[in-house]
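Take a look at the structure below.
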Amino acid sequence: MRILIVEDQPALRTILEMVFQAEHDVRATGTGASALEILGSWPPEILISDLAMPGVQGEEVAQAAAALPSPPHIVLMSAERTRLDTARPLADAVFRKPFELDELTSLVARFHQRSTGRLSQEKA
């Protein structure tokens, strides 16, 4: 699966990239602006994005992803509860920072299973 990670904290971005790159095709960026560029040329199947970033915010990235011809599963993260509540309609899932990495990896695994199940049903 193609996973785009958008996180302005370098340590968290690196951890997420390392966790998912073993089994998935991963791209990671630290800004919303570069995420918008990546969405245009490399549409992911899963978008994992922070909400609070300098410049282009995570909500704008999520809206752009949702408008793609084949929209990805959207996972949004923030330390701000009210911001997550506001952004919830844009996402398939939200995580309040700090979160348990196991919960995120389980969610990605479920999205992957759904996608591969959908692909095998389409081929049948």
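The values are calculated or read from the model by the stated rules, or taken from the named source; none is laboratory data. Predicted model only: the values in this text are computed from it and were never measured. Methodologically, a virtual Cβ is constructed for each residue, glycine included, from the backbone with ideal geometry; neighbour enumeration extends over all protein chains shown. The accessibility values were calculated without ligands, DNA or RNA, using every heavy atom of the protein model including side chains. Shrake-Rupley method; radii C 1.70, N 1.55, O 1.52, S 1.80 Å.
Starting from residues that are closer than 15 Å to Pro72 by Cβ and not charged (D, E, K, R), keep the ones in segment 1-15 and report whichever is most open to solvent (accessible area, probe 1.4 Å). Full working, then the answer.
We begin by selecting, within segment 1-15, every residue closer than 15 Å to Pro72 by Cβ; these are 1-6.
Now narrow it down to the ones that are not charged (D, E, K, R): 1, 3-6.
Working: Met1: 34, Ile3: 0, Leu4: 0, Ile5: 0, Val6: 0 Å².
Checked segment 1-15; the qualifying residue most open to solvent (accessible area, probe 1.4 Å) is Met1.
Of the numbered conditions (1) among the aliphatic types (A, V, I, L, M); (2) open to solvent by 20 Å² or more (accessible area, probe 1.4 Å); (3) assigned to a helix (DSSP H, G or I), Leu68 fails exactly one; give the number of that condition.
Evaluating Leu68 over (1) among the aliphatic types (A, V, I, L, M); (2) open to solvent by 20 Å² or more (accessible area, probe 1.4 Å); (3) assigned to a helix (DSSP H, G or I) leaves (3) as the failure.
Can you find, within segment 31-52, the residue that is most open to solvent (accessible area, probe 1.4 Å) among those that are part of a loop (DSSP other than H, G, I, E, B) and either in contact (Cβ under 8 Å) with a residue 60 or more places away in the chain or over 18 Å from Glu17 (Cα atoms) (or both)? Spell out how you get there, then give the answer.
Our first condition is that a residue be part of a loop (DSSP other than H, G, I, E, B); within segment 31-52, this holds for 31, 42-45, 51-52.
Subsequent filtering for residues that are either in contact (Cβ under 8 Å) with a residue 60 or more places away in the chain or over 18 Å from Glu17 (Cα atoms) (or both) retains 45, 52.
Values: Glu45: 72, Ala52: 34 Å².
For segment 31-52, the residue satisfying everything is Glu45.
Find the residue count for segment 1-30, including only residues that are without any contact (Cβ under 8 Å) to a residue 60 or more places away in the chain, of a type outside the set (A, V, I, L, M, F, W, C) and within 16 Å of Asp50 (Cβ to Cβ).
9
If I ask for residues that are surrounded by fewer than 10 Cβ atoms within 10 Å (Cβ to Cβ) and at pLDDT 90 or above, which ones from segment 87-124 would you list?
Within segment 87-124, Pro89, Pro98, Glu100, Asp102 meet the criteria.
Please list, ordered by first then second residue, the pairs with beta carbon atoms under 6 Å, 6 or more apart or interchain, first in segment 74-86 and modelled with pLDDT of 95 or more, second open to solvent by less than 80 Å² (accessible area, probe 1.4 Å) and among the hydroxyl-bearing types (Ser, Thr, Tyr).
Between residues of segment 74-86 that are modelled with pLDDT of 95 or more and residues that are open to solvent by less than 80 Å² (accessible area, probe 1.4 Å) and among the hydroxyl-bearing types (Ser, Thr, Tyr), the close pairs are Leu76/Ser49.
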